[in-house]
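Have a look at the structure below before the remarks.
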Amino acid sequence: MTNRNTPFTIGGVTVPGRLSLGPMAGITDLAMREICREMGAALMYTEMVSAKGLYYNNTNTRDLLETSDKERPVALQLFGSDPEIMGDMAGKVKDLPFDFIDINMGCPVPKVVNNGEGSALMRSPELIGRIVEKVAAYAGKPVTVKIRKGFDTESAVECAGAAEAAGAAAVCVHGRLRTEYYHGQVDLEVVRKVKAAVKVPVIGSGDVKDFESLERMLDTGVDGVMIARAARGNPWIFRRLAHYLETGEKLPGPELSEVKEMVLRHASEVMKHKGEFTAMHEMRKHVAW
């Protein structure tokens, strides 16, 4: 069988496979990203980093910038709605060891949307263009965007086109409206339409959790596939799906003994970065998953 886990290029940077770990606030920290990279994820994203938080030198925001050579290529994901601040902060972090600057235009949570950030940007393709243009001018590295199907109506093709025209080197699209959050069926047709509308690489996101859903996403023609919620407590998903793309073989899930070993390994890695007290509290959710 032909190897389908093929590399693709974003703005001159090679992504060594088709699977990426999606950014999830409070979840995809450095420890989890390194583990998923070992398991076969080819592209990483930091947790969302507030451009305003960077502007005001917020301590918690600075902690989110931690990265390592083990996880590269990796994107720093910024969110904000002010083109000037977004551009300035892209310039502020351009010398840090990130391969891309990714702009979050898909987060649905009220505290982000109510500030006009995240998926709220999808109501204004013109503003998306201005933000991407400013970030691209200062970033010194490829700029990518993560969008949704739209806010309350479909606007993904228009928003992706505005981002590409302004200098975006790749687009990731999640096939749900902001109003749908993560409910209902993901719309793969909108992913297909975005892929057909732009010339830059497209990464598809939404409900990829097994071999069958991976095939459905790949059928849209996307260059890469993002896995987020299905990786919670399950870094093995990357090993299984990468192996499947490379060989056609469907590996089983991990044995209980391997799960136990991974829990202890994960906890140990979080402790290195955050200390025992914080690690034990944060590991509760990972162990539950």
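Descriptive notes on the structure:
- Dividing the mean sequence gap of close Cα pairs (under 8 Å, 6+ apart) by how many residues the stretch 173-289 holds gives a relative contact order of 18 percent.
- Computed on the Cα atoms alone, the convex hull of the stretch 161-251 gives a volume of 108 cubic angstrom per residue.
- Leu256-Arg229 pseudo-label distance in nm [points 7 Å out on the Cα-to-Cβ vector]: 2.8
- Amide H contacts under 5 Å for Val15: Phe8, Thr9, Ile10, restricted to partners 5 or more places along the chain or on a different chain, H placed in the peptide plane at 1.01 Å from N.
- Other-chain or far-sequence residues with amide H under 5 Å of Gly22's (modelled H): Ile227, Ala228
- Using a probe radius of 1.4 angstrom, the carbon and sulfur fraction of the accessible surface of the stretch 22-174 is 47%.
- Taken per residue, the accessible surface of the chain reaches 43 Å², heavy atoms only and a 1.4 Å probe.
- Across the stretch 40-57, coupling constants 3J(HN,Hα) worked out from phi with the 6.51/-1.76/1.60 Karplus curve, θ = phi - 60°, read x, 5, 9, 9, 10, 10, 5, 4, 4, 10, 6, 4, 5, x, 5, 4, 9, 6 Hz, and Gly and Pro carry x.
- Computed over the stretch 148-210, the range of Cα coordinates on each principal axis works out to 32, 28, 15 Å, biggest value leading.
- Semi-axes of the equivalent ellipsoid for the chain, Cα gyration tensor, largest first, Å: 27, 24, 17
- The calculated P(r) of the stretch 7-66, using every Cα pair and 10 Å bins from 0, goes 22, 41, 30, 7 in percent.
- The stretch 8-70: chymotrypsin sites (Phe, Trp or Tyr not before Pro) in DSSP coil with no more than 10 other Cβ atoms inside 10 Å: Tyr56
- Fully extended contour minus Cα-Cα distance, from Thr179 to Ala25, at 0.36 nm per residue: 53.5 nm
- For the stretch 77-210, alpha-carbon Rg over 2.2 N^0.38 Å: 0.98
- For Gln77, the residues whose amide H sits under 5 Å from its own are Thr46, Val49, Asp102, ignoring neighbours fewer than 5 places away on the same chain, with H placed 1.01 Å from N.
- Summed over qualifying helices (DSSP H, 4 residues or more, each -39500 (n - 2.57)) and divided by its residue number, the chain shows a 222 nm mean residue ellipticity of -12500 deg cm²/dmol.
- Contact order, relative form, for the chain: 17 percent (alpha carbon pairs under 8 Å, 6 or more residues apart, mean separation divided by residue count).
- Restricting attention to the chain, close to 10% of DSSP beta bridges with both partner residues there are antiparallel.
- A full extension of the chain between Met280 and Thr59 corresponds to an added length of 77.5 nm, given 0.36 nm per residue minus the alpha carbon distance.
- The GluC sites (Glu not before Pro) found in the stretch 1-102 that occupy coil by DSSP, while having at most 14 further C-beta atoms within 10 Å, are Glu66.
- Cβ-Cβ distance of Glu38 and Glu126, R₀ of 30 Å, FRET efficiency by 1/(1 + (r/R0)^6): the value works out to about 0.10.
- For Pro254, the shell of other residues with beta-carbons less than 11 Å away shows a net charge of 0, using +1 for Lys and Arg and -1 for Asp and Glu.
- FRET efficiency for His243 and Thr14, using Cβ-Cβ distance with R0 set to 25 Å, rounded to 0.05: 0.75
- Among the listed pairs Lys70/Lys274; Lys141/Lys195; Lys52/Lys260; Lys70/Lys111; Lys141/Lys199; Lys70/Lys149, those beyond 30 Å (Cα-Cα): Lys52/Lys260; Lys70/Lys111; Lys70/Lys149
- Centre separation in Å (Cα based) which lies between the stretch 28-97 and the stretch 111-178: 17
The values are calculated or read from the model by the stated rules, or taken from the named source; none is laboratory data. What you see is a predicted model, and the numbers here were worked out from it, not measured in a lab. Here Cβ is always computed from backbone atoms with ideal geometry, including for glycine, and neighbour counts include all displayed protein chains. Just the protein is used for accessible areas: all its heavy atoms, side chains included, with ligands, DNA and RNA removed. Shrake-Rupley method; radii C 1.70, N 1.55, O 1.52, S 1.80 Å.
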